[in-house]
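Please read the structure below before turning to the comments.
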Amino acid sequence: MNTLASPDVLAKIYGEPVHALPHDLYIPPDALEVYLVAFEGPLDLLLYLIRKHNLDVLDIPMADLTRQYLVYIDQMRANRLELAAEYLLMAALLIEIKSRMLLPRPSQAIDDESDPRAELVRRLLEYEQIKLAAQKLDELPQLGRDFEIAQVLIEHVTAAQLPHVDAEDLRQAWLGLIERAKLVRHHRVTRDQLSVREYMTLILRRLQDNSFVEFTGLFNIAGGVAELVVTFLALLELTRESLVDITQQAAFSPIYVKLHHGIIAD
């Protein structure tokens with residue numbers, strides 16, 4: 001049940017209903033503030049008063065307009081608002097126009113130039129046109145208020161390119177292995193059944209637990225030239241099938257072999 005819905009409950013303080021105002025309640029004089037409509041200048045205020053009271057801008061009743069304008073100035077002073085000098089200047093101009101209209105005018109001077117209000121009317125009409133144009137511009141869609149620019153981020157993912165391995169350096173490394181194999185080879189009359197696929201699997205397993213292995217470290221020198229040839233063919237086949245990468249930092253530097261990115265040996 002809503003306690004405040006009861007007609008005898010004025011408010012709730014710390015959850016308890018208040019049925020009557022305390023006798024010693026003190027309300028400071030500045031507790032209530034009156035907020036006036038903000039205007040961009042005296043012409044804006046005059047135009048507001050004319051439109052609010054349905055006055056004819058071409059035939060302004062100066063007495064009513066001056067009185068309303070001065071009431072607004074008094075409200076600004078009462079609420080301790082700073083008055084710009086242009087507001088006070090406009091108040092003096094309104095009083096001057098009102099005074100000039102009270103003076104008798106020659107009967108032959110009936111054109112607009114003899115009307116003290118003519119200059120004020122012209123300024124008000126020009127200001128109104130400018131204000132309407134500004135409102136139309138403000139109604140146009142604005143970036144950050146009515147819409148945002150969609151930003152599309154395109155991320156270019158490029159595969160890491162390893163340094164190029166010179167073919168001559170690879171040939172020289174192979175010839176070096178052959179020379180070393182000749183030094184340790186033994187004369188054996190046997191017929192070995194060597195499988196390139198088998199050595200491809202052995203190389204993949206060797207590379208599984210290593211990030212980089214030196215090229216010569218993949219070859220068994222003691223196995224003889226036949227095993228070196230099969231191992232070399234297996235390595236070339238793995239490279240052709242993009243299962244391993246052969247890299248070299250610079251010319252004549254050691255050659256290294258590693259598993260291709262994402263490859264897991266069985």
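The values are calculated or read from the model by the stated rules, or taken from the named source; none is laboratory data. Since the structure is predicted, the reported quantities are computational estimates derived from the model, not experimental observations. Methodologically, a virtual Cβ is constructed for each residue, glycine included, from the backbone with ideal geometry; neighbour enumeration extends over all protein chains shown.
Miscellaneous remarks
- Selection from the range 103-154 of residues that are modelled with pLDDT of 80 or more and aliphatic (A, V, I, L, M): Ala118, Leu120, Val121, Leu124, Leu125, Ile130, Leu132, Ala133, Ala134, Leu137, Leu140
- Checking each residue in the range 204-238 for being in contact with a Phe, Trp or Tyr (Cβ under 7 Å, 6 or more places away or on another chain) and touching a residue at least 40 places away in the same chain (Cβ under 8 Å) picks out Phe212, Val213, Glu214, Phe215, Leu228, Phe232.
- Where a residue in the range 239-266 is farther than 13 Å from His164 by Cα and at pLDDT 75 or above and its partner, wherever it lies, is in a strand (DSSP E or B) and among the basic types (Lys, Arg), with Cβ under 8 Å and at least six apart: Val244/Lys258
- Test: Asp209 is acidic (Asp, Glu), within 13 Å of Val165 (Cβ to Cβ) and within 51 Å of the chain's Cα centre (by Cα): no
- Residue among Ala78, Ala63, Ala84 that is modelled with pLDDT of 75 or more and not charged (D, E, K, R): Ala63
- Residue check for Ile221: β-branched (Val, Ile, Thr), at pLDDT 80 or above and closer than 30 Å to Leu46 by Cα: no
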